[in-house]
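Structure first, commentary second.
The values are calculated or read from the model by the stated rules, or taken from the named source; none is laboratory data. Remember, it's a predicted structure, so these values are computed and weren't measured experimentally. Glycine gets a Cβ as well: all are built from the backbone with ideal geometry, and neighbour counts include every protein chain shown. SASA here: full protein model, heavy atoms, side chains in, ligands and nucleic acids out. Shrake-Rupley method; radii C 1.70, N 1.55, O 1.52, S 1.80 Å.
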Amino acid sequence: MTPLDLRSAFLADLTAVAPDLDAATIGDDDHLQVDLGLDSMDFLNLVSALHKRFGLPIPEADYPRLATPAKAVAYLSAMLGQPQPPLQAARRPHAGPSR
Amino acid sequence: MSLFTMPSLGADMEDGRLVEWLVKPGDRVAKGDVVAVVETQKGAIEIEIFAAGEVAELLAEPGQQLPVGAPLARLTEAGAPAAPAPQAPALQAPPPAPPVPTPPPAPAPAPVAPEPRGAVLASPAARARMAELGIALAVGSGPGGAVLLADVERQAQAKAPTEPTPPGPKGKPGLDMAEMRRAIAAAMARAKRDIPHYYLTHDIDLQTAQDWLTARNADRTPDQRLLMGALLIRATVRALARYPELNGRYEAEPYAPAPAVHCGLAIALRGGGLIAPAILNAETRDTDALMDAMRDLVARTRAGRLRNSELTQGTITVSSLGETGVDALLGVIYPPQVALIGFGTPRVKPMIHDGRVQPRLAVTVSLAADHRVSDGRRGAAFLAEIDRLLQEPDHL
């Protein structure tokens, strides 16, 4: 998967646990708890979804590495054993058609 | 023969908008079946029926705004022959020509035909947007095929590619924030007027519980992991068994504690406001089961699929600041309940453990309780019991 694929997969899982978030307005450096208002249950549900999608264990010690979409893409990419070219994805508010 | 009417989902509710029927004439229903979805200031709520029988006639149409108590459907008793409908029974007012409920001057219906029976799962935001745009999606990309705002927007874009819809206002478009704020104000004003509150706080050493949790979660997949919140709820519910007077609804004189613990969880909504749906019969669930119930409740709160029983039967409320808050929360009791337990954000603090000052994870728990039914000594013992239970997570 390319970083862009990872990003859209991550955003799909994120907006599934937080249906009131609009993927198009989420910035890559938005902090999931601080900026997007996820609580610990939402976050755990997101981790569960990522676990299901990618088959990664995602131990609790790694949670800080999922703090923002950009960090999460880097983390998923590293864990999936892929190189990590810099993410050239959209920034908010009107990022591009990245869905 | 009985009437199914618009239920009250709290003393502050005056009316609700029927969003959809999940039954049709001829369907048999059992007590507790979800039969309709109603939009209120708390979002879309699944309405359960509290009688068994057969649906004889639907008396309200989706889209109608109806006051509490308005007839929604006529039921025949279970086992009774279906009412001979043609001759309108005398007591039955002529079916009100439904004031055609703002039918959106709709573009053609969506390609996906809505299933004739069965629930269309959709988030409140998606519902509102679908109504606004006159789109009817039956299946979306959300959990369980729920229609999400993004699905609606995608559909809208597909239909009008040359005319992108302007982005809506931030927040939760499906909820009327001013309305929710009024509802919160009404309930809290009533609490402050009618309930003589007293408050107690206590610092609990959570390090033992945290160490236990970390070890337990280490070899579990994410969907099997516990949150500290589940331990806090479990300890609270167990402590209530020893201090039952704190669990109940003060609706009639004399006050009587409730036999079951329907534990309300205050859940903050991202757009502002909060909802406190209850985990029903929490005393029958162990920590894992409570965790599952919390997950389910939070997910359905976000997706707008709460049930009226969860919103109207709470006997106690727990409010927790979670991981990104401050030290303590002193709550206002949710009437007609008689106590509210508040947990601050757990934080590493210097505490004395084994005779030495050590950095330990600690949480401040508070009790706001109704002085008409309990007093400080019992309240203090209750908080101490929560502390005691949390020191032995293995036996929780």
Rounded to the nearest 20 debye, what is the charge dipole size of the stretch B:234-282 about its Cα centre when +1 sits on each Lys and Arg Cβ and -1 on each Asp and Glu Cβ? 320
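For the stretch A:3-79, just say rounded, prolate or oblate: build the C-alpha gyration tensor, square-root its eigenvalues into a ≥ b ≥ c, call rounded for a/c under 1.5, and beyond that prolate if a/b exceeds b/c, oblate if not.
Details: a/c = 1.38, a/b = 1.20, b/c = 1.15.
Taking the square roots of the gyration eigenvalues as a ≥ b ≥ c, the stretch A:3-79 is rounded.
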Given H placed on each backbone N at 1.01 Å, which residues far from B:Gln337 in sequence or on other chains put an amide H within less than 5 Å of it? B:Tyr250
For A:Lys52, give me every one of the aspartates and glutamates with a C-alpha distance below 12 angstrom, ignoring sequence neighbours fewer than eight places off in its own chain. A:Asp13, B:Asp223
Karplus-derived 3J(HN,Hα) from phi for the stretch B:348-356 (6.51 cos²θ - 1.76 cosθ + 1.60, θ = phi - 60°), whole Hz, x at Gly and Pro, runs 6, 9, x, 9, 8, 9, 6, x, 10
In whole Hz, with x marking every Gly and Pro, tabulate ³J(HN,Hα) for the stretch B:53-64 from phi via Karplus 6.51 cos²θ - 1.76 cosθ + 1.60, θ = phi - 60°. x, 10, 6, 8, 7, 8, 10, 9, 10, x, x, 6
Quantify, in whole percent, the carbon and sulfur part of the accessible surface of the stretch B:262-396 (1.4 Å probe; protein heavy atoms only). 52
Work out from phi, with θ = phi - 60° and the Karplus expression 6.51 cos²θ - 1.76 cosθ + 1.60, the ³J(HN,Hα) of each residue of the stretch A:56-72, listed in order in whole Hz, and give x for Gly and Pro. 8, x, 6, x, 4, 4, 8, 3, x, 7, 10, 5, 9, x, 5, 4, 5
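Would you tally the net charge around B:Ala258, using a Cβ to Cβ cut-off of less than 14 Å, leaving B:Ala258 out, and scoring K and R as +1, D and E as -1?
Values: positive: B:Arg249; negative: B:Glu245, B:Glu251, B:Glu283, B:Asp370.
Net charge in that neighbourhood comes out at -3.
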For the pair A:Asp35/B:Ala189, report the inter-label distance in nm, with labels modelled 7 Å from Cα in the Cβ direction. 3.9
Which residues qualify? For B:Arg307, with a placed amide H closer than 5 Å and at least 5 residues away or on another chain, they are B:Glu46
Along each principal axis, Cα extent of the stretch B:2-77, largest first, Å: 31, 20, 17
Share of carbon and sulfur in the accessible heavy-atom surface of the stretch B:2-77 [1.4 Å probe, %]: 52
Residue among B:Ala381, B:Leu340, B:Ile352 farthest towards the positive dipole end of the stretch B:329-391, charges placed on Cβ: B:Ile352
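Determine the total buried accessible area between chain B and chain A, counting protein heavy atoms only with a 1.4 Å probe; round to the nearest 100 Å². Don't jump to the answer; show the numbers that get you there.
Working: alone 19500 and 5560 Å², together 22870 Å².
Chains B and A together bury roughly 2200 Å² of accessible area.
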Amide H proximity to B:Thr5 below 5 Å, modelled H, separation 5+ or other chain, gives B:Leu72
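Please give the charge dipole size of the stretch A:3-79, origin at the Cα centre, charges +1 on K and R Cβ atoms and -1 on D and E Cβ atoms. Round to the nearest 20 debye.
Values: 5 positive and 12 negative charges, 73 e Å.
Approximately 340 debye in magnitude.
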